Amino acid sequence: MASDTGRKQFWKRNVSKVPGSIQHVYGAQHPPFDPLLHGALTKTIQKPPTTPIKLKKVTTFQEFESNTSDAWDVGEDDDELLAMAAENLNTEVVLETANKVIQNHTKLQEQNKFQEIKQLGDRPVAPEELTSNVTSDNKIVKSASESQIPRSSDELRKLSWSGIPKPVRSITWKLLSGYLPVNVERREGTLKRKQKEYFAFIEQYYNSRNDETNQSTYRQIQIDIPRMSPETLILQPVVTEIFERILFIWAIRHPASGYVQGINDLVTPFFVVFISDYVAEEEEVENVDVSSLPEEVLRNIEADSYWCMSKLLDGIQDNYTFAQPGIQKKVKMLEELVSRIDEQVHRHLHQYEVEYLQFAFRWMNNLLMREIPLRCTIRLWDTYQSEPEGFSHFHLYVCAAFLVRWRKEILEERDFHGLLILLQNLPTAHWGNEDISVLLAEAYRLKFAFADAPNHYKK
């Protein structure tokens, strides 16, 4: 998630108390068509077609960065895996087989993974230590024990790629993001130092939010926060204030981009995961009265959310600079990729004059957060943070797999408006971890087949 060490920073710290004017707010240019005017999508989901897809010549996709590597080394299985990636299997067979395997083994995998993480640590931790973090008298108890996290970042990424157990997700995300060091001895000191640094930012910058140069940014943040998900959580006054501070401070410290609509969504998964450490396991985070938590807990969650969101944005900041060139480039790459992996879908969209920018801009700008439930976003981010360049590189293949997932529904639509209503309101409300796991497996197959041979995807 973090950017390469050789990449130049987009901002330099200003030693004055109040920084200079930041760039004006500009919003994500969503398609002008408004699906709300045409009613909700009411079509039921049908099974994928049973007719086998015609085999096509193996194609590969443009290499994004020459130094990008996979999560694991394939080694001696290169030829076999390449052959597997070349096969266009019957969609129904793939989905049914994958779902059966996932359903049969999910629970066992979670148990084994949790035990493996514990064994790689310094000492075993009882389950009750991981589920109760705030006692009845509001005393703070540490969340998942740091001792159960692997000492090797490579080990941690491999274990986390297929999903992180909830009791250790919070500390694992902090490690995977690069916010905290894997070295156990350094973690506590780093955590306290970074939290203290964030609190200093509040004192230094936040009072300038109503200054003439900054008030448009702050006003736009106030408008966007109520639109975030989960709505019931965000609308709590204490949560609204936390998000306002996080977003304003990030924007004022990154004048190359400033605040852009879409960045506001990226705080939510971190905040929800970190606050889950202080919520009873059977209780939904959206229903928690956040104001009942101790002030120290909320302050630390706010600081941790800020730093982890900043690490994420470091790797995709060209998505949010003027004219958002990173998104424009990724949407074009998505179009080229889909034209090779499913030419029929690509031609169908072109036939009815649907531009990829009209639906995929939001997919890139909000990292699919508006397309899938929050629980699925959190599971998706387990893998994104485990995958090299997950948010900037692997996300492209996820979007391609996501689009082709709806090929039957897409091909059934026979007009421009119908296609846009479908693509902007895809029926994913029922989705769970199994659906995300199948999506990620297909995205990884596409990455393996296309990422390292740039000439194969061009016609």
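The values are calculated or read from the model by the stated rules, or taken from the named source; none is laboratory data. Note that this is a predicted model, so its numbers are computed, not measured. Neighbour counts run over all protein chains shown; Cβ positions are idealised from the backbone, glycine included. For accessibility, only protein heavy atoms count, side chains too; no ligands or nucleic acids. Shrake-Rupley method; radii C 1.70, N 1.55, O 1.52, S 1.80 Å.
Computed quantities for the displayed model
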{"item": "Members of segment 280-314 that are aliphatic (A, V, I, L, M) and touching a residue at least 60 places away in the same chain (Cβ under 8 Å)", "result": "ALA280, LEU293, VAL297, LEU298, ALA303, MET309, LEU312, LEU313"}
{"item": "Restricting segment 180-195 to residues that are surrounded by 14 or more Cβ atoms within 10 Å (Cβ to Cβ) and among the polar types (S, T, N, Q), the residue that is nearest to LEU298 (Cα to Cα)", "result": "GLN195"}
{"item": "Segment 440-459, subset in a loop (DSSP other than H, G, I, E, B) and surrounded by fewer than 21 Cβ atoms within 10 Å (Cβ to Cβ), residue modelled with the highest pLDDT", "result": "ASP452"}
{"item": "Residue in segment 406-424 that is modelled with pLDDT of 95 or more, out of contact with any helix residue (DSSP H, G or I) (no Cβ under 6 Å at 6 or more places or on another chain), open to solvent by 30 Å² or more (accessible area, probe 1.4 Å) and of a type in the set (A, V, I, L, M) present", "result": "no"}
{"item": "Some residue of segment 196-211 being closer than 30 Å to GLU284 by Cβ and either surrounded by fewer than 16 Cβ atoms within 10 Å (Cβ to Cβ) or without any contact (Cβ under 8 Å) to a residue 40 or more places away in the chain (or both)", "result": "yes"}
{"item": "Residue in segment 291-301 that is closer than 23 Å to LEU374 by Cβ and in a loop (DSSP other than H, G, I, E, B) present", "result": "yes"}
{"item": "Some residue of segment 380-395 being open to solvent by 30 Å² or more (accessible area, probe 1.4 Å) and either in a helix (DSSP H, G or I) or in contact with a Cys (Cβ under 9 Å, 6 or more places away or on another chain) (or both)", "result": "no"}
